[in-house]
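Asks: Please read through the structure below; I'll follow up with questions.
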Amino acid sequence: MSLCLPRAALEALLFEDAPYGDLTTEALSLTCPGLMRFEARAAMVAALVEEAACLLELAGATVEIAVASGAVLAPGARILSARGPAASLLRGWKVAQTLIEIWSGVATCAREIVEAAPGAVVACTRKNSSGAKAFAVAAVRAGGATMHRLGLSETILVFPEHRAFLEGETLAEMAARLRRAAPEKMLAIEVKTLDDGIAAAFAGFDVIQAEKFAPEEIARLAEALRALPKPPRLAAAGGIAAANAAAFSRAGAQILVTSAPYFAPPRDVQVVLTRLSSE
């Protein structure tokens with residue numbers, strides 16, 4: 001079983017939901033064995049399946065995975081099945097179901113954007129829910145996209161908000177200073193206008209991130225950058241979704257930066273529990 005998340009994170013989910021046990025199950029004295037099946041109610045891209053299986057195993061069940069994360073599922077497709085004591089199945093049931101539903105929504109949306117613009121790389125931002133980054137990364141990858149930035153520590157991206165504190169420093173001076181401080185890193189900068197994007201390219205930035213440009217503006221910037229001896233990569237950001245991804249890709253954006261998958265609705269997973277004979 002391949003996991004993206006540490007077992008400790010999954011144990012924490014179980015503990016959060018039942019810190020002092022399952023009162024209903026214990027009060028009913030449910031000790032018989034059972035079978036639990038997870039199935040897709042509608043078409044979806046599966047995500048966090050391995051993590052859900054591990055969670056159920058931590059709850060005391062034996063799990064059989066039917067599909068891996070990243071699989072495209074038709075309605076009714078089996079995701080996993082679990083056997084074990086009723087108490088174990090019921091303890092892990094909703095946490096595992098919710099894990100797959102929420103993050104399969106993210107993966108499905110990411111895949112829709114990827115498929116809409118096969119000529120570009122779809123990169124999802126760090127604007128995911130606080131405390132859920134590991135889940136978001138796993139879901140984004142299941143959807144066939146990549147992460148734009150995992151956080152502030154490993155990438156350089158100069159925003160206009162940074163430049164507000166740098167009076168009198170030219171873009172070329174800024175790029176040179178950044179290369180001295182972090183010589184192994186790519187330098188990216190967010191721009192708001194065509195002229196600023198061209199100026200940043202001449203200053204030596206490796207990635208020009210065009211914020212809230214229309215596809216027509218992206219096309220003009222892409223044409224200007226192609227004329228340079230060593231053109232930087234062009235990223236389009238702001239409002240990127242499946243409906244407009246193709247237009248931005250055709251315009252010349254090589255990277256599509258988006259937060260849209262994080263706001264996708266969960267995908268519905270049907271769970272069926274059956275009592276088994278104790279014999």
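Asks: Can we say R141 is in contact (Cβ under 8 Å) with a residue 12 or more places away in the chain, among the basic types (K, R) and not in a loop (DSSP other than H, G, I, E, B)?
Replies: Yes, satisfied.
Asks: Being within 11 Å of the chain's Cα centre (by Cα) and of a type in the set (S, T, Y) is true for just one of S104, S88. Which residue is that? Even if it seems obvious, please write down each step before you answer.
Replies: Details: S88 fails: within 11 Å of the chain's Cα centre (by Cα).
Every option except S104 fails the conditions.
Asks: Filter segment 226-237 for residues that are out of contact with any Asp or Glu (no Cβ under 7 Å at 6 or more places or on another chain) and buried (at least 17 other Cβ atoms within 10 Å of the Cβ) and give the result.
Replies: L234, A235, A236
Asks: Can I ask one more? Which one of I240, I255 is closer than 11 Å to A120 by Cβ, among the β-branched types (V, I, T) and open to solvent by 10 Å² or more (accessible area, probe 1.4 Å)?
Replies: Working: I240 fails: open to solvent by 10 Å² or more (accessible area, probe 1.4 Å).
Step by step, each of I240, I255 is checked, and only I255 is closer than 11 Å to A120 by Cβ, among the β-branched types (V, I, T) and open to solvent by 10 Å² or more (accessible area, probe 1.4 Å).
Asks: Next up: Just wondering, is there one or more residues in segment 193-211 that are within 19 Å of V122 (Cα to Cα), at pLDDT 95 or above, among the hydroxyl-bearing types (S, T, Y) and surrounded by fewer than 16 Cβ atoms within 10 Å (Cβ to Cβ)?
Replies: The answer is no; no qualifying residue exists.
Asks: Conditions: (1) touching a residue at least 60 places away in the same chain (Cβ under 8 Å); (2) surrounded by 20 or more Cβ atoms within 10 Å (Cβ to Cβ). A96 meets all but one. Number of the miss?
Replies: Against the list (1) touching a residue at least 60 places away in the same chain (Cβ under 8 Å); (2) surrounded by 20 or more Cβ atoms within 10 Å (Cβ to Cβ), A96 comes up short only on (1).
Asks: Got a number for residues in segment 8-57 being within 21 Å of S277 (Cα to Cα), surrounded by fewer than 16 Cβ atoms within 10 Å (Cβ to Cβ) and among the β-branched types (V, I, T)?
Replies: Total satisfying the criteria: 1.
Asks: Now for a separate question. When you check T146 against the structure, is it open to solvent by 40 Å² or more (accessible area, probe 1.4 Å), touching a strand residue (DSSP E or B) at 6+ places or on another chain (Cβ under 9 Å), more than 24 Å from I65 (Cβ to Cβ) and not basic (K, R), yes or no?
Replies: yes
Asks: Take the residues of segment 119-143 that are open to solvent by 30 Å² or more (accessible area, probe 1.4 Å) and in contact with a helix residue (DSSP H, G or I) (Cβ under 8 Å, 6 or more places away or on another chain): which is nearest to V49 (Cα to Cα)?
Replies: We begin by selecting, within segment 119-143, every residue open to solvent by 30 Å² or more (accessible area, probe 1.4 Å); these are 119, 121, 126-127, 129-131, 133-134, 141.
Remaining after also requiring in contact with a helix residue (DSSP H, G or I) (Cβ under 8 Å, 6 or more places away or on another chain): 119, 126-127, 129, 134.
Values: G119: 29, R126: 22, K127: 23, S129: 20, A134: 14 Å.
Filtering segment 119-143 for residues that are open to solvent by 30 Å² or more (accessible area, probe 1.4 Å) and in contact with a helix residue (DSSP H, G or I) (Cβ under 8 Å, 6 or more places away or on another chain), the one nearest to V49 (Cα to Cα) comes out as A134.
The values are calculated or read from the model by the stated rules, or taken from the named source; none is laboratory data. Model, not experiment: these values are computed from the prediction. For neighbour counting, all protein chains shown are included, and Cβ atoms are generated from backbone atoms with ideal geometry for every residue, glycine included. Ligands, DNA and RNA are excluded from the accessible area calculation, which covers all protein heavy atoms including side chains. Shrake-Rupley method; radii C 1.70, N 1.55, O 1.52, S 1.80 Å.
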